[in-house]
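The next block holds one structure in the form of structure tokens; read it before the comments.
Here, each number is a calculation from the coordinates, and none is a lab measurement. The structure presented is a predicted model; accordingly, all values stated were derived computationally and were not measured. With ideal geometry, Cβ positions are generated from the backbone for all residues, glycine too; neighbour counts draw on all protein chains shown.
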Amino acid sequence: MEAKSFQIKKNIHLTEKLHLLELEGSFLQSPVPGQFIHIKIDPFFLRRPFSIAGYNDNTLKILYRVVGRATEVLSEKEAGDSLNVIGPLGNGFPVNNNYKSIFLVGGGTGIAPLLFLTDTLIRKNLNISFFYGARTSECIAFHLLPYGVDYIFSTNDGSYGYKGLIGEVMQQHIKKNGKPDIIYGGGPYQMLKQLAKISAKHKTPAFVSLENRMACGTGICYGCVTKIKDKTGWEYKRVCKDGPVFNTEEVIWENNP
Amino acid sequence: MGKQSLKIALNKLNLKTPIIVASGIFSYGEIDIGYLDYKKLGAVVTKTITINPKEGNPQPRLWETPSGMINCIGLQNPGIKEFIRKKLYSANIPNVKTIVSISGESVDEVKKLTEMLVKKDVKVIELNLSCPNVNRQNLMVSQNPEDTYRFVKAVKEICRSKTLIAKVSPNVTDITETALAAEDGGADILSLINTLKAIAIDTEKRGVIEGGLSGPAIKPVGLKAVYDTYQKVDIPLIGIGGITTGQDALEYILAGASAIGIGSALFSNPYIADQICETLTVFLERNNLKNLSDATGLLNEKNKTGAKKSRKKH
Ligand SMILES: Cc1cc2nc3c(=O)[nH]c(=O)nc-3n(C[C@H](O)[C@H](O)[C@H](O)COP(=O)(O)OP(=O)(O)OC[C@H]3O[C@@H](n4cnc5c(N)ncnc54)[C@H](O)[C@@H]3O)c2cc1C
Ligand SMILES: Cc1cc2nc3c(=O)[nH]c(=O)nc-3n(C[C@H](O)[C@H](O)[C@H](O)COP(=O)(O)O)c2cc1C
Ligand code: FES
């Protein structure tokens, strides 16, 4: 990991509160899907973590939603402005050449690391189904979605695709068409928790990208921990350093995270 | 650059620069975060170690506040045995001293911890006195000068030949009383300050986050603690609290600190160590000072009047 200034190439408003940020530059060590970066957004004291949504041709992509003060300030930045970035951080999704049929399941901005993963998997001629859940049709980032993948959508209000939770839609799909070799997921905690249940029920491994509030992002402060099973029970592990990608089987899913 | 040197001696503790990474900020020094220039560091203090493993507090453990943050990590650590087995020797960064931070809820506990570290020839120990004292319902050890004296004395008796740093809490009426108690107990150096007690309110999830406040918000508090304590004690001080820039570090030195601790700013400012070295060197040059120790306390009242206030001993 390194700290470095990146110049903003593009910072565009996609839909509703969704934005796409493109930074110009590269890291010494190429990032892999599932890794994230830590951006300094003045005047805030702590950095803000964002998944890498794409990385190629000297361009680093971030997909973000305005949820609070720092993301609001970020949305006002313009092409040419600079941002200090620490990255790439954390561990990526484990990929394995034996996985031929793959489900990607994303909700909201949780699709960001899956977009990067799709970019790298697509070249391998695999059978990929991308389940994309959003609140309404307005929240879907259609034109970021790569070709060559089957998409299945769901929205909370039924304004696009199925009506309901994306996990349930995937469950139906499995019942009809059989299970995949692997599931990769990103999104709200409750959605990932449901994925974990489905993965256990169908004995299909699932890896998801977790989020938590962070201070260091590099594993030195122990602020971002989550309960992970170990030999004797569980232990608080760091989302930033031991994750953010975890096997759903290892995570202790809580009612009120 | 001239012949200015940032080398500093705090009693027997010799550091190549006055920059110390404060406890709890850098894990056990075993992780290479990639962006920090170790050549600029004098020492790293480990996360505080306790006798038994501690799982730490549930989430949320972090909360950003205006110009700072609240943390309630809850001293998560693997306990002293596991620390010695797995972490102690991984913590060695070339030419950077490792200081082991310990904390206990009773005199017995801190004595045991010290014995185990002395056996492993640990040369510098920081006693974190912000731990709750089991005998005094939730009061921290350093909130009571008598307890501070007893804890420090007990530890010093076991590590006579080593360097003992006492780290005191600012959550008191008069921090100089705690500082004096620690000096009388035999501390070689004082670290001040630890975090300030604070809460944040999460209106969305209807929760209260209670923990310690750190960051730029507490800098003026830390500065005053150093300024006041410098006038009362003879042992060197490590100034900590909200240091985010080279200028902040310089202010602490001029107030009376011999060295400075960087804390939560390290999470967001990768260049902080370089900036501090640069600012301090420029200051020495401009003022024709050869050594950093010449700058310590330069703007402190004590060095103007020369008088040291009389005091009672413990
Ligand atoms: C590994 C990781 C990857 C992430 N990837 C993305 C991404 O690709 N796109 C994206 O839009 N967001 C992502 N996030 C979340 C993003 O970091 C937060 O939305 C952002 O920090 C909010 O900052 P703020 O100042 O605008 O919000 P604040 O004013 O601090 O808070 C507003 C709301 O955001 C929530 N929030 C604050 N910090 C975090 C956090 N670290 N994680 C989750 N929720 C948080 C708060 O609970 C609150 O509800 C990721 C978080 C992590 C840990
Ligand atoms: C995440 C975090 C963990 C900390 N853990 C410890 C600890 O284990 N022991 C200790 O003595 N101080 C601990 N501290 C306090 C710091 O060492 C320092 O005294 C305090 O943060 C003030 O400095 P700052 O404002 O520069 O951060 C911790 C601080 C933070 C932010
Ligand atoms: S954010 Fe500091 S350990 Fe993860």
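With only Lys, Arg, Asp and Glu charged, each at its Cβ (+1 for the first two, -1 for the last two), find how big the charge dipole of the protein assembly as shown is about the Cα centre; round to the nearest 20 debye. Walk me through the numbers on the way to the answer.
Working: 71 positive and 55 negative charges, 253 e Å.
Dipole about the Cα centre, nearest 20: 1220 debye.
In whole percent, what relative contact order does the stretch B:172-273 give with Cα contacts below 8 Å and a gap of six or more residues?
On the way: 168 pairs, mean separation 26.8, N = 102.
Relative CO of the stretch B:172-273 lands at 26 percent.
B:Glu285 to A:Thr120: FRET efficiency via 1/(1 + (r/R0)^6), r the Cβ-Cβ distance, R0 41 Å, to the nearest 0.05?
Using R0 = 41 Å, I get an efficiency of 0.20.
Quick one: of the DSSP bridges fully inside the protein assembly as shown, what percent are antiparallel, nearest 5? Don't skip to the end; give the middle numbers.
Working: 60 of 113 bridges.
Within the protein assembly as shown, antiparallel bridges account for around 55 percent of the total.
Residue by residue, what Karplus-based ³J(HN,Hα) values in Hz, rounded to whole numbers, does the stretch B:291-300 have, using 6.51, -1.76 and 1.60 with θ = phi - 60° and x for Gly and Pro?
Taking θ as phi minus 60°, the curve returns 10, 4, 4, 5, 8, 4, x, 4, 9, 8 Hz for the stretch B:291-300.
Using θ = phi - 60° and the Karplus relation 6.51 cos²θ - 1.76 cosθ + 1.60, list the HN-Hα couplings for the stretch A:35-41 in order, rounded to whole Hz, with x at every Gly or Pro.
Computed from phi, the couplings for the stretch A:35-41 are 7, 9, 10, 10, 9, 8, 10 Hz.
Picking from A:Ile198, A:Ile62, A:Ile122, which is most flexible by a Gaussian network model of chain A using Cα springs under 10 Å?
Residue with maximal mean-square fluctuation among A:Ile198, A:Ile62, A:Ile122: A:Ile122.
Of B:Asn71, B:Val282, B:Ile19, which is farthest towards the positive pole of the stretch B:8-305's charge dipole, taken about the Cα centre with +1 and -1 on the beta-carbons of Lys, Arg and Asp, Glu respectively?
Toward the positive end, the furthest listed residue is B:Ile19.
How large are Rg and Dmax for the stretch A:1-143 when calculated on the C-alpha trace, in angstrom?
In order Rg, Dmax, the Cα atoms of the stretch A:1-143 give 15.2, 47 Å.
Please report, largest first and rounded to whole Å, the three semi-axes of the ellipsoid equivalent to the stretch B:1-143, where each semi-axis is the square root of five times an eigenvalue of the C-alpha gyration tensor. Working shown, then result.
Working: eigenvalues 144, 79, 50 Å².
Each semi-axis is √(5λ); the values are 27, 20, 16 Å.
Quick query: amide H of A:Phe130 versus all other amide H atoms, modeled in the peptide plane; which residues come in under 5 Å with a sequence gap of 5 or more or a different chain?
A:Leu104, A:Asp150, A:Tyr151, A:Ile152
For q values of 0.14, 0.17 Å⁻¹, compute log₁₀ I(q)/I(0) with the Debye formula on a Cα-only model of chain A, without solvent.
Debye intensities relative to I(0), on a log10 scale: -0.96, -1.42.
Taking amide H positions as placed in the peptide plane 1.01 Å from N, state which residues far from A:Val225 in sequence (5 or more) or on other chains have amide H under 5 Å from it.
Answer set, sorted by chain and number: A:Val239.
Starting from one equal scatterer on each C-alpha and no solvent at all, send me the Debye-based log10 I(q)/I(0) for the stretch B:201-312 at q = 0.12, 0.14, 0.19, 0.22 Å⁻¹, two decimals.
Values returned for q = 0.12, 0.14, 0.19, 0.22 Å⁻¹ are -0.48, -0.62, -0.96, -1.18.
Going toward the positive end of the dipole of chain A, with +1 on Lys and Arg Cβ and -1 on Asp and Glu Cβ, which of A:Ala215, A:Leu21, A:Phe153 do you reach last?
Looking along the dipole axis, the top candidate is A:Phe153.
For the pair B:Val208/A:Lys100, report the inter-label distance in nm, with labels modelled 7 Å from Cα in the Cβ direction.
6.0
For the protein assembly as shown, take the alpha-carbon Rg, divide it by the Kirkwood Rh, and send me Rg/Rh. Mind showing how you got there, number by number?
Working: Rg = 26.0 Å, Rh = 25.4 Å.
That ratio equals 1.02.
Dipole magnitude of the stretch B:8-305 about its Cα centre, charges +1 at Lys/Arg Cβ and -1 at Asp/Glu Cβ only, in debye to the nearest 20?
Rounded to the nearest 20 debye, it is 720 debye.
Starting from the Cα of A:Lys175, draw a straight line to each of the aspartates and glutamates and keep only those under 18 Å, dropping any in the same chain fewer than 8 residues away.
List returned: A:Asp150.
Assuming R0 = 45 Å, what is the FRET efficiency of A:Lys197 and B:Asp294, from their Cβ-Cβ distance, to the nearest 0.05? Please list the in-between numbers first.
Working: r = 66 Å, r/R0 = 1.47.
Plugging the Cβ-Cβ distance into 1/(1 + (r/R0)^6) gives 0.10.
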